[in-house]
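Quick note: the coordinates plus some simple rules give every number you see, no bench work behind them. The shown structure was predicted, so the numbers you read here are calculated from the model rather than taken from an experiment. Don't worry about glycine lacking a Cβ; one is built from the backbone with ideal geometry, like all the others, and counts go over all protein chains shown.
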Amino acid sequence: MKGMRILGIETSCDETAISILNVSGKSVKVEQNLVSSQIPIHQKYGGVVPEVAARSHVPETVALITEVLGKKGLKAFDAIAVTNGPGLATALRVGIEAGRVLAMLSGKPIIGVNHLEGHLASAWLNADNRKRWKYPLLALVVSGGHTELVLMKDACKYKIVGQTRDDAAGEAFDKSAKLMGLPYPGGPQIAKLALEGDPAGFDLPRPMLNDGSLDFSFSGLKTAVRQTWEPWMKGPEERKDKAKRDLAASLQQAIVDVLAAKTLTAAKKYKVKGVLLVGGVSANVMLRERLESDLKRELPSVPFLPSDKLFVTDNAAMIAAAGAWRLAKGEKHDWKKIEAKPEWNL
Amino acid sequence: MKFIVHRIEDWDLLAKQLVSRLPPNAILTLSGPLGAGKTTLVQAISRALGATENPRSPTFSLVRSYKLPNTSPFSTLVHVDAYRLENEADAMTLGLDELSAEDGSLLVVEWPERLGSTLHAMRKPIVQLTISQDAGSEVRRVEVTE
């Protein structure tokens, strides 16, 4: 059976990403997956490095689409999926305009995708996860911009049952790292230091852990890290290093404790048949292991369905995958009418 | 105008006084270190303006907008965070002109220092607010200049 090749386009925030996903019956294959920040600059611009703003997306989008389509041109895909919200309006429009032009020229269907739904679909790119995919599912979406618990009642039917009230979990990692003088991006730095630190070294708060809601709050944690770290800043180097490792471990423990506890509570409450872990922070090894072991212990019949590390950060394969879900339901958009929705809730 | 914030509830009192003094089409800039309470203040401002949605940090998304009720002196609260911007050219991609084009929007900008001259070029009344905190103290000092 000939598969459907979906061209994914993602430009909602920092990353420009283009992908081709081939969906054929039960087989789902990522044929191409380009993310701008992972490509050397000279390669992207053919040796000439233009002066561009970080989120202009225009030169990247053109370069990546040219590369992905190759000699096949408009015959390289059968449908287009493009992120049209939520995100930065000026950034979203670059991907949308590119998608519209390709849809107009090729006459092929185009579908606008919610970026958050793309993250949910990133877990579906894994074949083992697809075999165990049974609704209702629960997804913990954790990244620099998101901390949400999404109940997936059925295909393309969602309800946000919990979310952060202030900072995202990834932001708590990044900003705490900054306060501790660690280089960007802070999340991986904290995780690395935490390996050699004592997670009980500092007593940090577990915000909203026992408040009965499924919401999160990480803004106070950042303040706690600042206040904890301040007295150590001028201390002797050797003791300072140990304190830094312990604080990193304590911070990671505090964040993971809250994320895991609320996810388990939600999984029980909604009697889900699987738990997804997606988004950039899901690359955190401790979070993965903790959620997996908690599930095994407390809900042994509920499978743990994390997305592959390759697809946790923003990418277009996940956008194409969400597009595949929508197209399978018979949805498509008129290329003339598709527009940016910066504040689009799932 | 100066305030001292002792408890979290004090942000609401501050926000109420602050919004009553903001000129139409104002840009409010918020300065202060990480963890000073800038986003907490924006949440209090949104409550003072009667918004139903609770603002969350726009650090990653850079901009979040909230519709305000008819009873509010402003139509939309646009919350901008320039923390992650690297240069002034980056500020162009925020689309601030478009975001504030609607009459009666209130632009609240965290980390305005990183936008260079962009805000002044918009020719709107700018109110500057700075939050500071003494080491080891929970108390925040807030200063507003118009």
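Restricting attention to the range A:218-261 and to residues that are small (Gly, Ala, Ser) and more than 10 Å from chain B (Cβ to nearest Cβ), the residue that is farthest from the chain's Cα centre (by Cα) turns out to be A:Gly235. Against the condition more than 16 Å from the chain's Cα centre (by Cα), within 14 Å of another protein chain (Cβ to nearest Cβ) and surrounded by fewer than 24 Cβ atoms within 10 Å (Cβ to Cβ), how does A:Gly162 come out, does it pass? Against the criterion (more than 16 Å from the chain's Cα centre (by Cα), within 14 Å of another protein chain (Cβ to nearest Cβ) and surrounded by fewer than 24 Cβ atoms within 10 Å (Cβ to Cβ)), A:Gly162 qualifies.
If only one of A:Ala224, A:Ala267, A:Ala249 is small (Gly, Ala, Ser), under 17 Å from A:Glu148 (Cα atoms) and part of a helix (DSSP H, G or I), which one is it? After ruling out the rest, the residue left standing is A:Ala267. In the range A:12-34, the residues that are within 14 Å of chain B (Cβ to nearest Cβ) form Cβ pairs under 9 Å with partners that are of a type in the set (Asp, Glu), at six or more places apart or across chains, as follows: A:Ser12/A:Asp314; A:Cys13/A:Asp314; A:Asp14/A:Asp314; A:Glu15/A:Glu60; A:Glu15/A:Asp314; A:Thr16/A:Glu10; A:Thr16/A:Glu60. Consider the range A:80-139 and keep the residues that are among the hydroxyl-bearing types (Ser, Thr, Tyr) and more than 14 Å from chain B (Cβ to nearest Cβ). The one that is nearest to the chain's Cα centre (by Cα) is A:Ser122. Screening A:Pro59 with (1) away from every other protein chain (no Cβ under 14 Å); (2) over 23 Å from the mean Cα position of the chain (by Cα); (3) assigned to a helix (DSSP H, G or I) gives one miss only, at (1). Exactly one residue among B:Ser117, B:Ser100 is crowded, with 19+ Cβ neighbours inside 10 Å and polar (S, T, N, Q), and that residue is B:Ser100. Take B:Ala89 and decide whether it is farther than 21 Å from A:Ala168 by Cβ, facing chain A (nearest Cβ under 8 Å) and not hydroxyl-bearing (Ser, Thr, Tyr). Yes, satisfied. Scanning the range B:21-42 for residues that are more than 10 Å from chain A (Cβ to nearest Cβ) and not in a helix (DSSP H, G or I) gives B:Leu22, B:Pro23, B:Pro24, B:Asn25, B:Ala26, B:Ile27, B:Leu28, B:Thr29, B:Leu30, B:Ser31, B:Gly32. Under the condition of being closer than 28 Å to A:Lys309 by Cα and among the acidic types (Asp, Glu), the residues counted in the range A:185-223 number 3. Going by what's in this entry, would A:Pro183 be described as in a loop (DSSP other than H, G, I, E, B), surrounded by fewer than 21 Cβ atoms within 10 Å (Cβ to Cβ), on the phi < 0 side of the Ramachandran plot and within 14 Å of chain B (Cβ to nearest Cβ)? Criteria not met by A:Pro183.
Scanning the range B:43-97 for residues that are surrounded by 18 or more Cβ atoms within 10 Å (Cβ to Cβ), in a loop (DSSP other than H, G, I, E, B) and hydroxyl-bearing (Ser, Thr, Tyr) gives B:Ser57, B:Thr59, B:Ser61, B:Ser72, B:Tyr83, B:Thr93.
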